[in-house]
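What follows is a short report on a single structure.
The values are calculated or read from the model by the stated rules, or taken from the named source; none is laboratory data. Everything quoted here is computed from the prediction, not taken from an experiment. Neighbour counts are summed over all protein chains in view; Cβ atoms, including those assigned to glycine, are modelled from backbone coordinates with ideal geometry.
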Amino acid sequence: MAGLIVLILLVLGIRGCLNARQEQAMQDYVTDANELVRQSNAGGRRLFRVLQGPGGQDQAVNTENALNGERVASSGLVDQARDLDVPDELSTAQRYLVETLELRRDGVAGVANAVPQALADQERRQGTNRVSQMMRVFSASDVIYLGRYVPSVEDALADEEVAAEEPVRNTFLPDVEWLDPTFVADQVAGIRIGGGDQDEPAAPGLHGSGLGTVTLGGVALVPGGSATVQLTGDLAFEVQVANQGDNTETDVNVRATVGDGGDAYENSETIDEIAAGETQTVSIPLDEQPPTGENVPIEVEVEPVPGEEMTDNNTATFTVIFTS
């Protein structure tokens with residue numbers, strides 16, 4: 001009888017260990033996959049910044065070099081995804097993850113190949129059309145990721161009753177306007193000939209923008225102070241921006257930088273138009289997970305508008321301790 005009890009306890013102990021290992025493996029997979037997706041999304045933001053860069057003849061080489069760098073990075077993410085340790089319960093999700101990153105890799109390579117042609121003196125239209133076609137590839141990657149990968153992960157975790165980090169839900173394609181061939185052609189033309197408007201003199205009168213209150217996850221951040229913020233899947237900075245000048249301003253860029261040095265993460269959003277004396281709030285998603293349990297420096301900046309001379313109140317720095 002005693003031997004039977006020992007056997008039962010041994011079986012239960014082994015089963016408990018196996019369940020714990022299975023749960024940890026699923027949690028580790030989701031965490032690792034999220035990191036790859038965050039890196040992919042960050043590469044997407046860099047890519048689209050290049051496609052909306054200042055352009056001009058002297059920037060052509062820099063543009064091509066930047067795109068080739070993103071080509072290499074996106075290819076590396078596919079290799080890393082294939083090397084993940086994948087629990088059987090998440091094998092379907094893994095297939096969708098790899099497919100998502102492969103589409104993004106192919107799209108980035110297509111853009112990198114097409115832009116030099118679009119900037120050349122001949123066959124510009126073919127190159128521009130090719131860039132436009134790659135936008136559909138990026139859109140397809142987002143559809144597979146959000147429509148297939150994320151539900152597969154969530155279903156597997158629910159079936160096994162495993163609590164894990166939520167899948168990242170941000171997309172690679174920043175806006176549906178990039179699916180409009182005319183819009184894409186305008187951006188490519190801007191790379192070729194330069195921004196055009198950027199060197200025009202500012203309108204007469206006072207120009208100025210100011211940074212107002214900044215919150216993160218509902219927690220007000222105090223310049224120079226420290227705050228504690230719990231990490232969630234949809235954290236975003238809510239940044240107030242005031243037009244303190246006499247003119248309506250357009251394309252006002254607001255940037256948030258989390259961390260410092262080589263590990264810093266940056267994201268930005270643009271206010272299309274803000275009237276004189278008006279205050280608007282812009283939301284900047286925190287797409288990459290910062291470290292927890294330590295002081296993380298944060299800088300929020302309203303980039304100066306044309307003609308702005310006083311910029312003392314455009315930038316503020318904060319310290320945040322993130323908790324899980």
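Here is how the numbers come out for the structure above:
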item: Whichever residue in region 244-259 is over 16 Å from the mean Cα position of the chain (by Cα) and hydroxyl-bearing (Ser, Thr, Tyr) and, among such residues, is modelled with the highest pLDDT; result: 248
item: Residues satisfying the stated conditions in region 120-134, i.e. among the hydrophobic types (A, V, I, L, M, F, W, C) and modelled with pLDDT under 95; result: 120, 131
item: Complete set of residues in region 137-176 that are under 20 Å from the mean Cα position of the chain (by Cα), surrounded by fewer than 15 Cβ atoms within 10 Å (Cβ to Cβ) and part of a helix (DSSP H, G or I); result: 143, 147, 176
item: Filter result for residue 117 (in contact with an Asp or Glu (Cβ under 6 Å, 6 or more places away or on another chain) and either closer than 30 Å to residue 28 by Cβ or at pLDDT below 95 (or both)); result: yes
item: Residue selected from region 73-93 under the condition in contact with a Lys or Arg (Cβ under 9 Å, 6 or more places away or on another chain) and crowded, with 18+ Cβ neighbours inside 10 Å, by the criterion farthest from residue 159 (Cα to Cα); result: 74
item: Residue list for region 227-243, restricted to those being in contact with a Gly (Cβ under 8 Å, 6 or more places away or on another chain) and at pLDDT below 90; result: 232
item: Matching option when the condition is acidic (Asp, Glu) and over 22 Å from residue 43 (Cβ atoms), among 266, 249, 288; result: 249
item: Exclusive hit being of a type in the set (Gly, Ala, Ser), assigned to a loop (DSSP other than H, G, I, E, B) and at pLDDT below 90, set 224, 262, 293, 277; result: 224
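The rows are residues; the columns are (1) assigned to a strand (DSSP E or B); (2) free of Cβ contacts under 8 Å to residues at least 60 places away in the same chain; (3) out of contact with any helix residue (DSSP H, G or I) (no Cβ under 7 Å at 6 or more places or on another chain).
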site	(1), (2), (3)
255	yes, yes, yes
284	yes, yes, yes
298	yes, no, yes
304	no, no, yes
312	no, yes, yes
318	yes, no, yes
321	yes, no, yes
